[in-house]
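For reference, the structure is listed below as structure tokens.
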Amino acid sequence: ADAAATLRVGVLQFGTVNWELDVMQAHQLAQKRGLNLKVVPLASGDASTVALQGGAVDVIVSDWIWVTRQRAEGMAYSFAPYSNAVGSVMVKADSGIRSVADLRGKSIGINGGPYDKTWLLLRAYASKKFGMDINSAARPVFAAPPLLNELALSGQVDAALNVWHFDARLEANGQRPLIKLPEILAGLGVDRPIPLVGWVFREDWANQNRDTLERFLAASQEAKALMAKSDAEWERLKPLMRTEDNATFVALRNGYRNGIPTCEYADAQANVASVFRILAETGGDRLVGKSRSLSEGTFWNGFKLPTCPKN
Amino acid sequence: MNTLSVHIAAKRYPNGSCAIQGLAFDARPGEFVAIVGPSGAGKTTLLKIISGLDTDFDGAVQTGSDARIGFMFQEPRLMPWLTVAQNLALVDPTATGQRLTDALERVGLKDCAALFPKQLSGGMQRRVAMLRAFLMAPQLLLMDEPFQSLDAPTAGQLREQLLTLWQDSKPTVLFVTHNLQEALSLADRVLFLTPGPSHIALDFAVELARPRALDSEAVQRMAQELLQAHPDLLRGTLGTHA
Amino acid sequence: MNTLSVHIAAKRYPNGSCAIQGLAFDARPGEFVAIVGPSGAGKTTLLKIISGLDTDFDGAVQTGSDARIGFMFQEPRLMPWLTVAQNLALVDPTATGQRLTDALERVGLKDCAALFPKQLSGGMQRRVAMLRAFLMAPQLLLMDEPFQSLDAPTAGQLREQLLTLWQDSKPTVLFVTHNLQEALSLADRVLFLTPGPSHIALDFAVELARPRALDSEAVQRMAQELLQAHPDLLRGTLGTHA
Amino acid sequence: MPEELSPQAASPLAAGSERWARLWPLLLLLLLWHVVALQAHSRTLPTPLAVLDALWSALASGELLFHLGKTLLRVALSFCLAMLLGVGLGILMGRYRRWDRALDSLLILGLNIPALVTTILCYIWFGLSESAAILAVVINKIPMVAINLREGARAVDANLLEVAQVYRLSYSERFFKVYLPQLYPYLFSSARNGLALIWKIVLVVELLGRSDGVGFQIGSFFHFFDITSILAYSLAFAAVIFLLEALLLRPLENRLNRWRL
Amino acid sequence: MPEELSPQAASPLAAGSERWARLWPLLLLLLLWHVVALQAHSRTLPTPLAVLDALWSALASGELLFHLGKTLLRVALSFCLAMLLGVGLGILMGRYRRWDRALDSLLILGLNIPALVTTILCYIWFGLSESAAILAVVINKIPMVAINLREGARAVDANLLEVAQVYRLSYSERFFKVYLPQLYPYLFSSARNGLALIWKIVLVVELLGRSDGVGFQIGSFFHFFDITSILAYSLAFAAVIFLLEALLLRPLENRLNRWRL
Ligand SMILES: Nc1ncnc2c1ncn2[C@@H]1O[C@H](COP(=O)(O)OP(=O)(O)OP(=O)(O)O)[C@@H](O)[C@H]1O
Ligand SMILES: Nc1ncnc2c1ncn2[C@@H]1O[C@H](COP(=O)(O)OP(=O)(O)OP(=O)(O)O)[C@@H](O)[C@H]1O
Ligand SMILES: [Mg+2]
Ligand SMILES: [Mg+2]
């Protein structure tokens, strides 16, 4: 690939991904790798999938369920880990809900729809741990993430299961996590963090522009490293984050840092595969389409994190 | 029906044109008054004011406040989406069955009950409109050139029906016509209007015995005498041209 | 203008009612033909067929295919959103300025150029409609009861204007009227239609010297003779009632 | 003008040919779609058969009927409310100048507030409830109906109202026999546009905060770009509308328009 | 009927009082909003002053004008296209029975396909481009205009068309002087509803695949539940419509309706 390669990334204007891209741009992390980075701001999560499929951008951020589902339908997208952070179940700090079992009869707000992966994992968890079909025992309601946060804050839902950065805002507003994803995963027999969201691109495009993509991913890693240790960097990012108070800011920063995947466990792929199986069982066709197991090539073979030290 | 008392100081339309100025007359209950005047004089305007449709004028009109009014407009004004029968029933809900058939037969429309106005000829529409004005036995009957657009024999027969109705239920009748002989043969009294902003040029009592035929000697003679006495009476609107 | 040749075997409306059956006549170029018939006979239908507005009939009508037609409908049918001047200019774009003023003055509407139809009285609207039919010097002039709704002097003056126009540009005229004397005083020939599905009851050539006044001895005598010779000629629609 | 519209009662034979005349453009479209889809061979343009298949399995699973039922209920309820209030408002404003002046600005404002905004606000203030959803839809739709009917009320023939007045018709007769028939064209266009629009707004409202209904389903399908299912659900609704048109709206309109000749 | 609408040329004085009559309901609404917002004291119901403040700073930063400009351009373009095609189609279908039969089903189908679906498909098939966005909007709007105009064309007075025919008016005169004036009420309601609807569809289209415009901004604000800014942007658009109403639509309508008395 030539030095002046251009890469178009579709991101939410004020989304968390844009923070990282901002760091990349501020420190010329892409330029210095001979990469011309073009950020295409979009207004909604769905807009980014539309943009990717319409060929308007090369890379977006999504999850591997989406990728596997598309692959099953014959659209070869691939995935490179971007973050491990996914949501928690949040309740009011003074709420009487102490465990998942207490959700019985309570209304629980879920972001997006009934096929949200955290929700499905929670369902599997509740059924395994408490023998409870939470889908009918609790009252799930579905709403767009920002709306859901408002409903949680005004007490119109008893518990909320939202994306992590919305959870962070809830936490800053006096809510506490009832259960976090690692705990759910552990309950399901997966006791190590797994990557959940990642950079998504067309596989054939990636193979043709391997060099460009690798440079981009390297730049991304460098930006993450910077964000992991530098508080000053976050101060610079503050306006972009639009935090209304310091507590939120801190919650967001910590949340982001916690989600940074630094290494990959040897059994990560196997763990992802087993999580996928759980999801397939709980979510059914509607979630995973025709694929019963994680599609070969979902994780792009051109990118590997360093292997984690055995603990 | 009380005495009808009309006093119109002035009637101006919003665009400034003045249709009536200083027009006043009374009509006894049950009186048959014909109104004759050139085209554009203000006859229709006068009827609209008397019927209460137009209240935007200087002056006062007294009818019995709850007088039943039958108004045969200058155009048929039937509801186009209602059949003949429905148009009549709208005004008089009792106009169904035999009563309706009889009424329609009287005006020569016995097969037309189920037709829509668009399926009638111009004259047929006018006959329906006339029936509409007659049916509910009005106390005040306003007719704006009712027999135009009808052939002579039909018009003659309808004139007789009008007289029968009038003699039966004695409504006060205001009858606009351009036909002097028609006015003289029907009315107790004829009001001649001036052109322009109109007022009453002549209030003429028709002192002829009834029944009077339209083309009778007596009526024709009276018409001629009238025109000789007042040569300007039927001055048209085209002025000096003739 | 070619010879007008009308041959209508039958005209049925979609609801099955038959308006005309076996009606045929020719009219020489420049001939003035009056049509007299009871209300609902089919006169308007006939004019619509001749004008080409109604093509759904059995038979054939020949006019010069590109003949300019002036049609004065039974109702005024002015475009309500156009002023008097605009209504006229729509049909004849040269009707502006002095020509328009003169024309309006001739029918007694010289101040009305800028008024909308709703601001005119019924008779005034008819006069505009008449002007519209006259203005572009038609080769075929169809008039459906043109002088109804006008006072006698105005109607008389307009009749003279019609005759002037006719003598100047010699259009073929078909003139529907309910007034026998009017027909006799104006036309070269009078077609009397039967009621019901109408056809021609009598094709009467008026052999009187012109000019003939409406109320002249000669016209009145001819009318009386005609009615004596054919007592059923003006049979109305109300049949036996009279 | 032999081509002109003449809604006379059609003979049974004509009715058959009419149905055919209505059907073939649809079939043509279907064929075209099929050919193009086969050519394109893209997941974003499924063949009609694939859509039919999806429709069938959604129907068989009962899922379609459940969600469609929910949506139809919402559409029906909102439609009735919005039409009733919108028609009333429109007539009031078209007839009385004072009301027109007073409410005009509010109408324009209501017309131009995005559905997203009203929906969110309704959900926030009244909770994620069924009535909040209905309210959001109704608020969105009323101004549209009112705008349309206002024009209709303004165009009503004053001459015929005079007849009604002089013959002292009761209010109900005046409204139903003199006023309303002149508004039918406006009512029909409002009803047709209204149904379509309300269905679209209901979709948004369901997408944003309901746990059932076609909009909710389409949201999930959209997430995975399941165009086939999206089309299947959309067509299911369209089919309901087709039925409504053929069994109710078109016959009614023909009946009410008989007098036009 | 002294209350009845009579759109005569108003005197300057009357114009002043008319403006006032139009304004006070808005002011009342504003006041009510202010009081309720103060009472509620919630982030989801900002006071009008807060919204004004947001409006002002968005204006000062130039952001508002940029995005509003983009949106207005899209709205204007789509509006013109949709009206032109929709009016043509509607008249064709209202006037000729054959066309009506042939296109009716397609019209109903087009009317009931969700905006979301057409938008996604346009974006996918034609790329995330400006023209795809406009196309999506136009496709969404055409059926609505056509439905409305079809009713109008059906209700056209056949008597007046006969006059036009017998006097051999040219096609353009027949259309502009005989046909169109009878369609004005339908055109005005289509224009008003159309503007509002197109603006709403443009919002969706921008939300789904543009990087500028009010819809894009509102999407971002929604992300942070910034109701204040959402309202500010919505009101900015409403203000444009108010201007358009006062300077163009209302005067035009009054002018064209002069003949109604
Ligand atoms: N709505 C209106 N606005 C303005 N002027 C009007 C209006 N209606 C009638 N006029 C004017 O008022 C005058 C009288 O009209 P009106 O209709 O009363 O006459 P008329 O005596 O009934 O005439 P005709 O015998 O022709 O029917 C006319 O000059 C007419 O131009
Ligand atoms: N559109 C229609 N549909 C059905 N029947 C119609 C239609 N138009 C007219 N007719 C019928 O045709 C016959 C002739 O009507 P037409 O209008 O030609 O009569 P006319 O001689 O002009 O009568 P008038 O002197 O009353 O105007 C009438 O019986 C009428 O009912
Ligand atoms: Mg009059
Ligand atoms: Mg006739």
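The values are calculated or read from the model by the stated rules, or taken from the named source; none is laboratory data. On a predicted model such as this, the values are computed, not experimentally measured, just so you know. Positions of Cβ are generated from backbone atoms using ideal geometry, with glycine treated the same way; all protein chains shown enter the neighbour counts. Heavy atoms of the whole protein, side chains included, go into the accessibility calculation; ligands, DNA and RNA do not. Shrake-Rupley method; radii C 1.70, N 1.55, O 1.52, S 1.80 Å.
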Six or more apart or on different chains, Cβ atoms under 9 Å: show the pairs whose first residue is in segment C:163-183 and within 13 Å of chain B (Cβ to nearest Cβ) and whose second is of a type in the set (S, T, N, Q) and within 16 Å of ligand 3 (Cβ to nearest atom).
C:T177/C:Q148; C:H178/B:Q148; C:H178/B:S149; C:H178/C:Q148; C:N179/C:Q148
Would segment A:146-157 turn up any residue that is over 30 Å from A:K304 (Cα atoms) and at pLDDT 90 or above?
no
Residue hits (segment B:1-35; of a type in the set (A, V, I, L, M, F, W, C) and exposed (fewer than 15 other Cβ atoms within 10 Å of the Cβ)) are B:A9, B:A10, B:C18, B:A24
B:P146 - would you say it is crowded, with 24+ Cβ neighbours inside 10 Å, more than 8 Å from every other protein chain (Cβ to nearest Cβ), away from ligand 3 (no atom under 16 Å from the Cβ) and closer than 24 Å to B:D102 by Cβ?
no
Please specify each residue of segment C:185-240 satisfying the condition of being open to solvent by 30 Å² or more (accessible area, probe 1.4 Å), β-branched (V, I, T) and at pLDDT 90 or above.
C:I200
Determine, yes or no, whether B:D111 is in a loop (DSSP other than H, G, I, E, B), more than 8 Å from every other protein chain (Cβ to nearest Cβ), more than 16 Å from ligand 2 (Cβ to nearest atom) and open to solvent by 30 Å² or more (accessible area, probe 1.4 Å).
no
Going through segment B:86-98 one residue at a time, which ones are in a loop (DSSP other than H, G, I, E, B) and open to solvent by less than 60 Å² (accessible area, probe 1.4 Å)?
B:D92, B:A95
Positions within segment C:2-45 being closer than 24 Å to C:E160 by Cβ and within 14 Å of chain B (Cβ to nearest Cβ), in sequence order:
C:A34, C:I35, C:V36, C:K43
Check on B:L78, hydrophobic (A, V, I, L, M, F, W, C), modelled with pLDDT of 95 or more and touching a helix residue (DSSP H, G or I) at 6+ places or on another chain (Cβ under 8 Å):
yes
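Out of segment A:138-177, which residues are in a strand (DSSP E or B), open to solvent by less than 20 Å² (accessible area, probe 1.4 Å) and more than 9 Å from every other protein chain (Cβ to nearest Cβ)?
A:A159, A:A160, A:L161, A:Q175
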Looking at (1) at pLDDT 90 or above; (2) away from ligand 4 (no atom under 16 Å from the Cβ), find the lone condition where B:L120 falls short.
(2)
Show the residue pairs meeting these rules: Cβ distance below 6 Å; 6+ apart or different chains; first residue within segment D:200-229 and at the interface with another protein chain (Cβ under 9 Å from one of its Cβ atoms); second residue open to solvent by 30 Å² or more (accessible area, probe 1.4 Å) and of a type in the set (V, I, T).
D:S211/A:V141
Considering only segment A:1-101, give the strands (runs of 3 or more DSSP E) lying wholly within it that have at least 1 residues that are in contact with a Phe, Trp or Tyr (Cβ under 7 Å, 6 or more places away or on another chain).
A:5-12, A:35-42, A:60-63, A:77-83
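Residues are listed down the side, and each one gets a yes or a no for (1) under 20 Å from D:V204 (Cβ atoms); (2) open to solvent by 40 Å² or more (accessible area, probe 1.4 Å):
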site: D:L29; (1), (2): no, yes
site: D:L45; (1), (2): no, no
site: D:A60; (1), (2): no, yes
site: D:R74; (1), (2): yes, no
site: D:L84; (1), (2): no, yes
site: D:T118; (1), (2): yes, no
Output the number of residues of segment A:190-214 satisfying the condition of being outside any loop (DSSP other than H, G, I, E, B), open to solvent by less than 50 Å² (accessible area, probe 1.4 Å) and not aliphatic (A, V, I, L, M).
6
Considering only segment A:126-137, how many residues are open to solvent by 30 Å² or more (accessible area, probe 1.4 Å), of a type outside the set (S, T, N, Q) and touching a helix residue (DSSP H, G or I) at 6+ places or on another chain (Cβ under 8 Å)?
4
Quick one: which residue in C:G70, C:G40, C:G97, C:G108 is on the phi > 0 side of the Ramachandran plot and touching a Leu at 6+ places or on another chain (Cβ under 6 Å)?
C:G108
Restricting to segment C:119-141, count the residues that are more than 13 Å from ligand 3 (Cβ to nearest atom) and among the basic types (K, R).
1
Could you pull out the residue among B:A89, B:A95, B:A67 that is away from ligand 3 (no atom under 16 Å from the Cβ) and either away from chain D (no Cβ under 11 Å) or of a type in the set (S, T, Y) (or both)?
B:A95
(1) in contact with a Pro (Cβ under 7 Å, 6 or more places away or on another chain); (2) assigned by TED's automatic domain parsing to the domain that holds B:S39: which one isn't true of B:K118, the others all being true?
(2)
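Residue-by-condition table, conditions (1) buried (at least 19 other Cβ atoms within 10 Å of the Cβ); (2) away from chain E (no Cβ under 12 Å):
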{"residue": "D:R97", "(1), (2)": "no, no"}
{"residue": "D:L109", "(1), (2)": "yes, no"}
{"residue": "D:S129", "(1), (2)": "no, yes"}
{"residue": "D:V138", "(1), (2)": "yes, yes"}
{"residue": "D:N148", "(1), (2)": "yes, no"}
{"residue": "D:S170", "(1), (2)": "no, yes"}
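Being under 26 Å from B:G52 (Cα atoms), open to solvent by 10 Å² or more (accessible area, probe 1.4 Å) and more than 16 Å from ligand 2 (Cβ to nearest atom): is that true of B:T101 here? Steps first, answer last, please.
Values: under 26 Å from B:G52 (Cα atoms): no; open to solvent by 10 Å² or more (accessible area, probe 1.4 Å): yes; more than 16 Å from ligand 2 (Cβ to nearest atom): yes.
When the stated conditions are applied, B:T101 does not pass them.
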Could we say that B:T83 is away from chain C (no Cβ under 14 Å), β-branched (V, I, T), within 29 Å of B:L135 (Cβ to Cβ) and open to solvent by 10 Å² or more (accessible area, probe 1.4 Å) here?
no
Candidate set: segment B:37-67, residues that are more than 12 Å from ligand 1 (Cβ to nearest atom) and free of Cβ contacts under 8 Å to residues at least 12 places away in the same chain; chosen: the one surrounded by the most Cβ atoms within 10 Å (Cβ to Cβ):
B:T55
Yes or no: C:D54 more than 16 Å from ligand 4 (Cβ to nearest atom), assigned by TED's automatic domain parsing to the domain that holds C:L193 and of a type outside the set (S, T, N, Q)?
no
So for segment D:11-33 (the condition being in a helix (DSSP H, G or I), more than 26 Å from the chain's Cα centre (by Cα), modelled with pLDDT of 90 or more and farther than 30 Å from D:P143 by Cβ), does at least one residue qualify?
yes
Condition first: in a strand (DSSP E or B) and more than 15 Å from ligand 1 (Cβ to nearest atom). Can you find one or more residues in segment B:204-221 that meet it?
yes
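Per-residue answers, yes or no, for (1) at pLDDT below 90; (2) closer than 19 Å to D:I147 by Cβ; (3) within 21 Å of the chain's Cα centre (by Cα); (4) open to solvent by less than 10 Å² (accessible area, probe 1.4 Å):
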{"site": "E:L180", "(1), (2), (3), (4)": "no, no, yes, no"}
{"site": "E:D212", "(1), (2), (3), (4)": "yes, no, yes, no"}
{"site": "E:Y233", "(1), (2), (3), (4)": "no, no, yes, yes"}
{"site": "E:L243", "(1), (2), (3), (4)": "no, yes, yes, no"}
